[in-house]
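Trainee: Below is the structure I would like to discuss, written out as structure tokens.
Derivation of every value follows stated rules applied to the coordinates shown; laboratory data play no part. Here the structure is a predicted model, which is why all the values come from computation and not from measurement. Reconstructed Cβ throughout: ideal geometry from the backbone, glycine too, with neighbour counts over all protein chains shown.
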Amino acid sequence: MSHPNQLPVIFIACKVFESMLNTEQQESLFDQVTYLDYGLHRVPDKLTHTLQEAIDEVREPSLIVLGYGLCGNGLKGIQSRKHTLLIPRTDDCIAILLGSYQSYLKHFNQEPGTYYLTKGWLEAGSDPLKEYREVREKYGEEDAQWIMDTQYQHYKRLVLVAHQQDELEEYRPRAQEVAAYCSRWGMDYQEILGSDRYLARLLETAASLDKADEDFLVIPPQNEIRQEMFVR
């Protein structure tokens, strides 16, 4: 497949984006698409290792589009090797699901104490309720309550964010279960329907790298992803 940038285009992304990309988009732009497990977010070192392995398996020099934000420093230290990497310049998938970094910033400024739930987090079993059950099993009820209070008492809002209405409906029962538990800290439960605009711009930029602006990082060959690159 020939692209304006002359490199094969490979997409390696978190499974949370699988439902956002349609088959035509994939077939017209990408030579190869790989989705990695949601659960990698829970162990950033494992995410680093798995992503690096996926990059290293690409044999010929390519433009590798990563469907990830910095993700708890999971991308820190990744080497581009012989490839060019294109990455959304965002802390995690929330800004991508909301449609833009500006939209994320607006929500953050309005309600800084927000805990976001996504399809990916719920699938991976990474949420306060699941965490509480795990901690309780390990340390007992009293210690579990103290640990959870320390971690979550400053949050004011629990938000389920999805990019499609049917996704909101599918994950609502589980999210509301988490919300019922989080009400102990007075967290409000809300839902936000996001936008695929950020993802669309990522695809536009992958098709033509000269469109890359401050919302994207382009890492040339033989370089390393550093945490400070994501700071705005």
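Trainee: 5 Å is the cut-off here: which amide hydrogens, built 1.01 Å from N in the peptide plane, fall below it relative to Leu217, excluding neighbours closer than 5 in sequence?
Mentor: Ile87, Arg89
Trainee: Using the number of other C-beta atoms within 10 angstrom as an exposure proxy, rank Cys71, Cys14 with the fewest first.
Mentor: Values: Cys71 21, Cys14 26.
Result, fewest neighbours first: Cys71, Cys14.
Trainee: Express in nm, to one decimal, how much length is gained between Tyr139 and Glu60 on full extension, taking 0.36 nm for each residue of separation and deducting their alpha carbon distance.
Mentor: Stretched fully, the Tyr139-Glu60 segment lengthens by 23.5 nm.
Trainee: Would you mind classifying the stretch 77-128 by shape? Square roots of the alpha carbon gyration tensor eigenvalues, ordered a ≥ b ≥ c; an a/c under 1.5 is rounded, otherwise it is prolate if a/b is larger than b/c and oblate if not.
Mentor: Taking the square roots of the gyration eigenvalues as a ≥ b ≥ c, the stretch 77-128 is oblate.
Trainee: In whole Hz, what ³J(HN,Hα) sequence does the stretch 218-229 give by Karplus (6.51, -1.76, 1.60; θ = phi - 60°), x for Gly and Pro?
Mentor: 10, 9, x, x, 6, 10, 10, 6, 10, 4, 5, 4
Trainee: I've got another one for you. Given a cut-off of 18 Å, name the pairs among Lys15/Lys211; Lys15/Lys119; Lys15/Lys46; Lys119/Lys211 whose C-alpha atoms lie farther apart than that in the structure shown.
Mentor: Values: Lys15/Lys211 25 Å; Lys15/Lys119 9 Å; Lys15/Lys46 16 Å; Lys119/Lys211 30 Å.
Beyond 18 Å: Lys15/Lys211; Lys119/Lys211.
Trainee: Which far-off residues, 5 or more places away or on another chain, put their amide H under 5 Å from the one on Leu36, with H placed in the peptide plane?
Mentor: Result for Leu36 returns Ala13, Cys14, Lys15.
Trainee: Along the Cα→Cβ direction, 7 angstrom out, place labels at Arg226 and Val43. What is the inter-label distance in nm?
Mentor: My value for the distance between the label points is 2.9 nm.
Trainee: Give me the one-decimal nm value for the distance between modelled label points at Leu105 and Lys130, 7 Å along each residue's Cα-to-Cβ direction.
Mentor: If labels sit at Leu105 and Lys130, their model points lie 3.1 nm apart.
Trainee: Using a Cα-Cα cut-off of under 22 Å, which lysines could be cross-linked to Lys138, ignoring same-chain neighbours fewer than 8 residues away?
Mentor: Cα-Cα hits under 22 Å: Lys130.
Trainee: Between Phe17, Phe108, Phe216, which gets the highest mean-square fluctuation from a Gaussian network model of the chain, Cα cutoff 10 Å?
Mentor: In this elastic network of the chain, the residue with the biggest mean-square fluctuation among Phe17, Phe108, Phe216 is Phe108.
Trainee: Classify the stretch 1-93 as rounded, prolate or oblate from the Cα gyration tensor: take a ≥ b ≥ c as the square roots of its eigenvalues, call it rounded if a/c is under 1.5, otherwise prolate when a/b beats b/c and oblate if not. All intermediate terms of the calculation are to be shown ahead of the outcome.
Mentor: Values: a/c = 1.96, a/b = 1.33, b/c = 1.47.
Here the stretch 1-93 falls in the oblate category.
Trainee: Below 15 angstrom from the Cβ of Glu170, what's the summed charge of the other residues (Lys, Arg +1; Asp, Glu -1)?
Mentor: Numbers: positive: Lys15, Lys119, Arg172, Arg174; negative: Glu18, Glu123, Asp166, Glu167, Glu169, Glu177, Glu191.
Result for the neighbourhood of Glu170: -3.
Trainee: Scan around Leu158 for amide H atoms under 5 Å from its own, H built in the peptide plane at 1.01 Å from N, and keep only partners 5 or more places away or cross-chain.
Mentor: Tyr115, Asp188, Tyr189, Gln190
Trainee: When only Cα pairs under 8 Å and 6 or more residues apart are kept, what is the percent relative contact order across the stretch 101-193?
Mentor: Values: 97 pairs, mean separation 32.3, N = 93.
With pairs under 8 Å counted, the relative contact order is 35 percent.
Trainee: Please build a GNM for the chain, connecting alpha carbons under 10 Å apart, and tell me which residue among Val65, Val178, Val43 fluctuates the most.
Mentor: Of Val65, Val178, Val43, the most mobile in the Gaussian network model is Val43.
Trainee: Please identify, among Ala180, Ala95, Ala162, the residue showing maximal mean-square fluctuation in a Gaussian network model of the chain using a 10 angstrom Cα cutoff.
Mentor: Ala180
Trainee: To continue, here is another question. If you take the square roots of the eigenvalues of the alpha-carbon gyration tensor of the stretch 101-193 and sort them as a ≥ b ≥ c, do you get rounded (a/c under 1.5), prolate (a/b over b/c) or oblate?
Mentor: On the way: a/c = 2.33, a/b = 1.47, b/c = 1.58.
Oblate, because a/c is 1.5 or more while a/b does not exceed b/c.
Trainee: Computed FRET efficiency, Cβ-Cβ of Glu214 and Gln25, R0 30 Å: what is it to the nearest 0.05? Each step should come with its number before you reach the end.
Mentor: On the way: r = 24 Å, r/R0 = 0.79.
With a Förster radius of 30 Å, E is 0.80.
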